[in-house]
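These notes concern the structure reproduced below.
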Amino acid sequence: MFVRSTGKESRVVANWIRRQDQNPLAPVNTKSENQRAWTLLIDSYISRSHIHGLYLLFLPSMRRRMRVLWALALICACTVLFHVSYLLGERYHNKQFQTIVAHAHASIHHIAFPVVIICNKNRLNWSRLPEIKSLYNITPAQDELFDRILTAYDGFSFHNFNAFDSLLGESLDALNHLNFTEIVIQMSWRCDEILRDCHWQTASRDCCKLFRPRRLPLGYCLAFNELEKRRGTETGINTGLLLRLLLREAQHAPGNPGLKGFWLTVVESSVWFGFPIDVVPHSRTNVAVTAVYHYFDESALSLPSSWRHCVMDYEEESEHFRTLEGQKYMLENCQAECQQRYLLRYCNCSVDLFYPPSDYPACRLKDLPCLAAHNHLLQNFEQPGEHPYVHREESGLVCECLHNCKSLTLLTDMRKSVLQPWLQPNSSAIESMWLNVYFKKPSMLVYKTNLIYTWVDLIVSFGGICQLCLGCSIISLIEFVFFALYKVPQHYWKRFSNEHRSNE
């Protein structure tokens, strides 16, 4: 900041010089001449711009006591300046974040309708078993073992490898050549067998045109809106996806004692798996979906992923970028890839029924007892460093996965009502259940995470503390540096040159 002198300081210096000139009889004193030249140099600086209080230290008319007081005042001001500048620098170096509500009522129409995945808890249609046995030439001697293997597959999921406990110690060489993943896919339920009366946005639709088969850690299931990414135009009950699920209990595996019903998963598109919702028989299940969107702004994205604790799709070089083969980076996809790595660690294979095609070797029949033996180690995800705070009897999956920096969270609010099957006139209605998935409200919350303190804030704060302590700006500092490093050395160089010539 330029600070123009009021003229008072210049008049003080000029009067002092005039008093020296009014005495022509005074003897020529070299010391006096040097003092006069120094005073003129100071006057040339303080008459244009200055740092508050600095010029008072060099005024010839300033008494020693006042000069000491002004020096102490400047030292205190500089001490405050340096201390606060250190705090500002430390605050900038810490790179702290803040999350704020960027939009409280963003339109829900900006996002696609969720992907709805439906899995029968009994994964296989047991009525196709004779056809499969004939297709794969299963002999009577192999028949009992083949049935036990498929019965285990009927309730097979990632956290339920103990379904193969009955195979421990069993000789499996006779059937190890079979691709049981293909067999399970052939015996899995088709859309026309378990889905009826599909409605999308109140319009009746063909269920098989809405749903397509999908691999999942729950098994082989049916997914809606995975590739199409349809958008919901309305909100409220019966405005999204409405359909009837058929249980088909007579065609379930007789050796599977598990509970009947369906698993429902509601996820964002590009997310491989989520936490399933239990859909029980003889009920109508209404699932209201609320969306929350969270993103990091450009100031936060300029930092490494390890600092901001999130990863962008394009950061393939990041140490935290791990995802399923051919899939977008998402937290859940990273966790699914982590599951594959643990399967590879324990049993040197991956269950290809659960994941998209990859370079990992697929588990064969002889590998299933190994999965069953390690089932207790594959139950939970474990955060790095949680051991001092969370007690676990068995270690879990330690996956250093981060959220995507632009992620959508879908919150589900489920309501169930009993259909009273004993009042239904036909068996088809007795074995069915209604499922209704819809957006709960037309708006969503949008959160934004940004840096609390950027380099712009640092410059502004430093400028403010400089003004407060010394009343100067960057230009004032540049002028002072120019005066101290150029004008003062020039003055002493001329003085040295004059003295050298006078001595000659």
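The values are calculated or read from the model by the stated rules, or taken from the named source; none is laboratory data. Here the structure is a predicted model, which means the values were calculated and not measured. Using ideal geometry, Cβ is built from the backbone for each residue, glycine included, and neighbour counts are taken over all protein chains shown. Areas reflect the complete protein model, heavy atoms only, side chains present, ligands, DNA and RNA absent. Shrake-Rupley method; radii C 1.70, N 1.55, O 1.52, S 1.80 Å.
What the table shows:
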| read-out | value |
| --- | --- |
| Mean accessible surface per residue for the chain, computed with a 1.4 Å probe while every protein chain stays in place, in Å² | 54 |
| In sequence order, calculated HN-Hα J values of segment 118-124 (Karplus, 6.51, -1.76, 1.60; Hz; x Gly/Pro) | 10, 10, 6, 4, 9, 5, 10 |
| Global geometry of segment 236-287, whether rounded, prolate or oblate, following the gyration tensor of its Cα atoms and the 1.5 cut on a/c | oblate |
| Sites Glu226 and His177 - FRET efficiency at Förster radius 35 Å, r taken between beta-carbons, to 0.05 | 0.60 |
| Percent of beta bridges antiparallel (DSSP, the chain, rounded to nearest 5) | 75 |
| ³J(HN,Hα) computed for each position of segment 295-310 - Karplus, 6.51 cos²θ - 1.76 cosθ + 1.60, integer Hz, glycine/proline x | 9, 9, 7, 5, 5, 7, 5, 6, 8, x, 4, 5, 8, 8, 6, 7 |
| For peptides 212-221, 82-91, 457-466, sequence by mean Cβ density within 10 Å, most packed first | 212-221, 457-466, 82-91 |
| Calculated SAXS-style log₁₀ I(q)/I(0) at q = 0.18, 0.19 Å⁻¹ - segment 62-114, Debye, Cα scatterers | -0.78, -0.81 |
| Linear extension gain, Tyr486 paired with Asn348, 0.36 nm per residue minus alpha-carbon span | 42.3 nm |
| Nearest-ten-degree value, helix 331-347 long axis tilted from longest Cα axis of the chain | 60 |
| Identified option (computed Cα extents along the principal axes in Å; candidates [x] 137, 51, 37; [y] 105, 50, 40; [z] 96, 66, 48) | [x] |
| For segment 204-359: rounded, prolate or oblate by the Cα gyration tensor [a/c cutoff 1.5] | oblate |
| Distant-in-sequence amide H partners of Asn125 (H built 1.01 Å from N, under 5 Å) | Ser188, Trp189 |
| With every protein chain in place, the chain: carbon and sulfur % of accessible area (1.4 Å) | 56 |
| Among 443-452, 358-367, the order from most to least packed when residues are scored by Cβ within 10 Å on average | 443-452, 358-367 |
| Exceeding the 21 Å Cα-Cα cut-off - candidates Lys121/Lys416; Lys209/Lys416; Lys209/Lys260; Lys260/Lys441; Lys95/Lys448 | Lys209/Lys416; Lys209/Lys260; Lys260/Lys441 |
| Per the chain, cysteines lacking a partner by the 4.7 Å Cβ criterion | Cys76, Cys78, Cys466, Cys469, Cys472 |
| Approximate shape of segment 144-227 as ellipsoid semi-axes (Cα gyration tensor, √5λ), whole Å, largest first | 33, 12, 10 |
| Gap separating the Cα centres of segment 210-249 and segment 302-357, nearest whole Å | 25 |
